[in-house]
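A quick write-up on the structure given underneath.
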2 protein chains.
Amino acid sequence: MSKRYEQLKTYMDRVMAIKTAMTLFEWDNETLAPQEAGELTSQVIGVLSGEYFQALTCSELRQRLKECREDEALSEPEAANVRELWEELEKIQCIPQNEYQDFATLTARATRVWARAKEDNDFKAFAPTLKRVIEYQKKFAGYRANNGKRLYDVMLDDFEPGFSMENLDAFFGLLKRELVPFLKQVAEESKKADDSFLKGDYPVKQQEKLARFLAEYVGFDFDRGVMAVSAHPFTTNLHNKDVRITTHYTDCVDSSLFSVIHEAGHGIYEQGIRDELTLTPAGQGASMGMHESQSRFFENIIGRNRAFWVPIYGRVQNMFPKQLGEVSLDTFVAAVNKVTAGLIRTEADELSYSLHVLIRYEIEKMLIEEDLDVEKLPEVWASKYEEYLGVRPETAAEGALQDIHWSQGSFGYFPSYALGSAFGAQLYCHMKKNMDFEGLLEKGKVNVIRQYLKEHIHQFGKLKTSRQLLKDVTGEDFNPHYYLDYLKEKYAKLYGIEVQEEGLSQQ
Amino acid sequence: MSKRYEQLKTYMDRVMAIKTAMTLFEWDNETLAPQEAGELTSQVIGVLSGEYFQALTCSELRQRLKECREDEALSEPEAANVRELWEELEKIQCIPQNEYQDFATLTARATRVWARAKEDNDFKAFAPTLKRVIEYQKKFAGYRANNGKRLYDVMLDDFEPGFSMENLDAFFGLLKRELVPFLKQVAEESKKADDSFLKGDYPVKQQEKLARFLAEYVGFDFDRGVMAVSAHPFTTNLHNKDVRITTHYTDCVDSSLFSVIHEAGHGIYEQGIRDELTLTPAGQGASMGMHESQSRFFENIIGRNRAFWVPIYGRVQNMFPKQLGEVSLDTFVAAVNKVTAGLIRTEADELSYSLHVLIRYEIEKMLIEEDLDVEKLPEVWASKYEEYLGVRPETAAEGALQDIHWSQGSFGYFPSYALGSAFGAQLYCHMKKNMDFEGLLEKGKVNVIRQYLKEHIHQFGKLKTSRQLLKDVTGEDFNPHYYLDYLKEKYAKLYGIEVQEEGLSQQ
């Protein structure tokens, strides 16, 4: 380690420690903190965010960072940390500290206001807070926008560098064209599938056992991670030896089940990051899209795969003898792949999922680029659901209040879910050429697949961008047609539907 | 708020926010963090402790603090914060930052080394770490010792200002003289009491219900607090609206039961602190002794009181019909007050408890003032137990490894447990003159007692010292004879023992 970088490291460690503390507060808020704690804890988080701001923007760090940017002797991880830190600095140094800090306090509060409003099914109770969050985010994006860059493009950069509105318009345009009609076709066929047994008397204690079993089975390491319960399932991490996932239990067994495999996918990514990178700026997933590619890979490509259940379904039946004892493997697999255009993103089947995301993408553009009046959000939301999915929410909780993201100030995050699904399909298509994917699953060897992903993706953290990772693994730039082909093939096979050839672009 | 104080407040808020973050890490480490997280998280805590050090010792804060110390227009809470902050500053500014930070990393590690060593029953595995902790603490105390003040006296100041070795030698000397022979007498009589039913098949789920019921019943507010499980029960708080207690469950129902009432007592204290004080330096319990006075007041003076169980014992029987259905109230009360000289402090009866503390006090003096070789600790421990309690530990886990405190670097904490018990007895004696204490308990009105304590003690935080609180409430300085009288009367009554008149000093 060069003397210069060593000096920088001291300042970098401060930034990372404060960030880690704020992560712990977020985790604690969502999983444990008592009801009345919020207001005072938000104040603490606000002050800590000020400390973060100062630690990152202090002249000592800036000076050393500048020196290191010119240092050509840095190792690859060192150079990546310098680059990431520089980007983070560029991102926040144009914001006045008091505004930065106020915003942190505001979003800590906003998530609680949102949660209460959702519980009470009262969009109006959340609207003024949401307005303020949007105003701040637009203001901050404005500070950062160079060369007339558009505000929503600035926001997208935070989650998926290399994917602008232009790229995403093309991507989502393709999905809309192809999937809206295909979904109708499949949903009609899929009606036959019986999934009534997935809902019923599934005791939470047994569900907990299943959740833990599945998380471990797909490779989440409980010596370096924990699982808890929260309203909205999520994953976070303090470092690669402390990764945390949550789930929630309802009377639908598949809800927690796939949620756990999804979050375990995120968790496995974070646990797989190299030791030398953890607790440094480059020690996180490459992008939100790449992160979602892994979680949705585990949830869908692995978790909704018939082969996955072959070695373990008997065990699951033993956990729920009354509920699943008489249900055959094929009936179970058909049920967890049933396609129903519904209202709730997180409960959506694999096919309709991206259309939920499409709606959010279009609405975010309207909110940020077209100044859509927040009051009109529920109506816009409902109309789009009717148009693309043929269903209309009756309540705000099922509509514009269903996701936590906007209350956290995350605009530009949603596209990652669809992009990630598409990344995953591209990876899957490539992997199938190199390994007997379904054969491994049938033999219970998820670990071989996990190890492949760790070796080719997880370990690198932010050393490579998502595009670079895709190129290095699959030998090709991002290509959304793999995703469409994957979906069409899968559902055509499941429901005996004939697919028009032009829909396929297999190479 | 004066301009000066307002400026100070900005700096004070930074100090408090970082401290609160470190508290959250400690909580998380003890209750949730995964097994392998420790090493990396210790690094984070080390860096944060450096941030704390800098935030407190920075020249801007010091300058404003100096100004405020001369400001005669400050309100009482403001003046208290200035005083507390000044004391904290004096305490750490003489320590080099790197040593301060290394020590924080060391103790974060040491608690894990201790936990492992205790599990493995291997004192030698902990000894080198303990030596390092002691060396640091002696060095730090050395930096702080003015005018030839002795090292252990410096340490005692952190927990109970106003009580030096001279005071404590007198206090513990009295306890030793009076209680060692009295304990023998009572233990002999107490053998008759049947407490076999307290141990057995007590399902954890039912114990959890009982724990929650009791905590709420004595007044712990779950809207402003949470309860979790940890190896060593403790209480901590982020502020007065986020107070956290832990317990642990064994096959002895009384273990968790009284532990919960004890920790709830601590928690009620913190929840009772005035809003204007919370998240400021004066917004904590007056001293560790006063804190323990409240926890032990709830545990013993309330919780082991026959009157306490009158309105709720039926309910407890309903929770455990097989285990307690046939056990009468009087048999139950006799059992939870059974006196047995044992090995474990936290499971000790109310009478022998202070002798466990006496042993630790004597050993701490030897470690700090007489340079006792750490290797000899188990032997010294065992001999003292044999001398004062007539029992000798067979293992290190039952002996010198039983408490977490030393691994945390806390030397001088233990005396607070005995002092607190004595404070509590003095308060009780006074309260009985002003209210029908047992009558209230019999009517299920614990809240009247709690309200009294809140009004006279809890709300003040650190606005008053423990001595001042005792004076203001009872009209008298600390007087340990109340404690002896309380114990002698209680056990004489319970077991029909004749007490020599000179033992009593009722006024």
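The values are calculated or read from the model by the stated rules, or taken from the named source; none is laboratory data. Since we're looking at a predicted model, the values are computed, not measured. Backbone-built Cβ (ideal geometry, glycine too); neighbour counts: all protein chains shown. These area figures cover heavy atoms from the full protein model, side chains too; ligands, DNA and RNA do not enter into them. Shrake-Rupley method; radii C 1.70, N 1.55, O 1.52, S 1.80 Å.
In table form, for the structure just shown:
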| item | result |
| --- | --- |
| Heavy atoms of A:Glu119 accessible to a 1.4 Å probe, total area in Å² rounded to 10 | 150 |
| Closest Cβ on chain B to the rotation axis that carries it onto A (distance rounded to whole Å) | B:Ala21, 2 |
| Given charges at beta-carbon only (K, R positive; D, E negative), |dipole| of the stretch B:159-258 in Debye | 140 |
| Gain upon complete extension [B:Gln468, B:Thr346; 0.36 nm per residue less C-alpha separation] | 41.1 nm |
| DSSP bridge orientation in chain A - percent antiparallel, rounded to nearest 5 | 50 |
| Shielding by partners, peptide A:48-58 (average Cβ within 10 angstrom, other chains) | 2 |
| Heavy-atom accessible surface that B and A bury in contact, both chains counted, 1.4 Å, Å² to 100 | 3100 |
| Formal net charge of residues neighbouring B:Lys3 (Cβ-Cβ distance under 13 Å; K, R +1; D, E -1) | -1 |
| Estimated FRET transfer efficiency when R0 is 41 angstrom, pair B:Glu87-B:Gln206 (beta carbons, to 0.05) | 0.35 |
| Computed log₁₀ I(q)/I(0) - Debye formula, equal Cα scatterers, no solvent, the stretch A:1-120, q 0.21 Å⁻¹ | -1.10 |
| Vicinal HN-Hα couplings computed from phi for the stretch A:315-321 (Karplus, 6.51 cos²θ - 1.76 cosθ + 1.60; Hz; Gly/Pro x) | 5, 5, 4, 5, 6, 10, x |
| Efficiency of FRET between A:Asn447 and A:Glu386 - r from beta-carbon atoms, R0 45 angstrom, step 0.05 | 0.55 |
| Cut-off under 5 Å, modelled amide H: who pairs with A:Val229 long-range | A:Thr247 |
| Structure-based [θ]222 nm, chain A - -39500 (n - 2.57) summed over DSSP H runs of at least 4, per residue, nearest 500 | -20000 deg cm²/dmol |
| Inter-chain Cβ neighbour average for residues B:224-233, partner chain, 10 Å | 2 |
| Acute angle (nearest 10 degrees) that the helix A:123-144 long axis makes with the longest principal axis of chain A, alpha-carbon atoms | 50 |
| Distance (nanometres) between label positions extended 7 Å along Cα→Cβ at B:Lys376 and A:Cys252 | 7.0 |
| Inter-copy label distances at B:Glu370 (7 Å, Cα→Cβ; nm, one decimal) | 8.4 |
| Carbon plus sulfur fraction of accessible area for chain B, probe 1.4 Å, in percent | 46 |
| Using a 7 Å Cα-to-Cβ projection, B:Asp120 label spacings across copies, nm, ascending | 5.6 |
| Within the stretch B:276-317, backbone nitrogen closer than 16 Å to the virtual label 7 Å beyond the Cα of B:Asp436 toward Cβ | B:307-308, B:310-311 |
| Antiparallel bridge percentage (DSSP; both residues within the protein assembly as shown; nearest 5) | 50 |
| Value of relative contact order over the stretch A:158-285, rounded to a whole percent, pairs C-alpha under 8 Å and six or more apart | 21 |
| Positive minus negative residues near A:Lys199 (Lys, Arg vs Asp, Glu; Cβ under 11 Å) | -4 |
| Dipole magnitude of the stretch B:3-149 about its Cα centre (Cβ charges: Lys, Arg +1; Asp, Glu -1), debye to nearest 20 | 540 |
| A:Asp477-A:Ala145 FRET efficiency (beta carbon distance; Förster radius 25 Å; 0.05 resolution) | 0.40 |
| Average Cα contact separation per residue, chain A, under 8 Å, 6 or more apart, as relative contact order % | 18 |
| Between helix B:253-271 and chain B: long-axis angle, C-alpha atoms, 0 to 90°, nearest 10 | 40 |
| Average other protein chain Cβ within 10 Å of Cβ, residues B:205-211 | 0 |
| Volume in Å³ per residue [convex hull over Cα atoms, computed for chain A] | 148 |
| Per residue, the convex hull volume that the Cα atoms of the protein assembly as shown enclose (Å³) | 186 |
| Estimated inter-spin distance, B:Phe222 and A:Leu174, nm [label 7 Å along Cα→Cβ] | 5.2 |
| Position A:Leu89, label points 7 Å along Cα→Cβ, spacing to each other copy in nm (shortest first, one decimal) | 3.1 |
| Top positive-direction residue, dipole computed over chain A with Cβ charges, set A:Ser164, A:Tyr100, A:Phe423 | A:Phe423 |
| Neighbourhood charge, 12 Å Cβ-Cβ cut-off, centred on A:Tyr483 and excluding it, Lys, Arg +1 and Asp, Glu -1 | -1 |
| Helix B:377-389 axis, angle to chain B major axis (alpha carbon atoms, nearest 10°) | 40 |
| For A:Arg224, solvent-accessible area (1.4 Å; no DNA, RNA or ligand), Å² | 40 |
| Shape of the stretch A:363-507, Cα gyration tensor, a/c cut at 1.5 | prolate |
| With all protein chains modelled, accessible area of B:Leu40 [1.4 Å, Å²] | 30 |
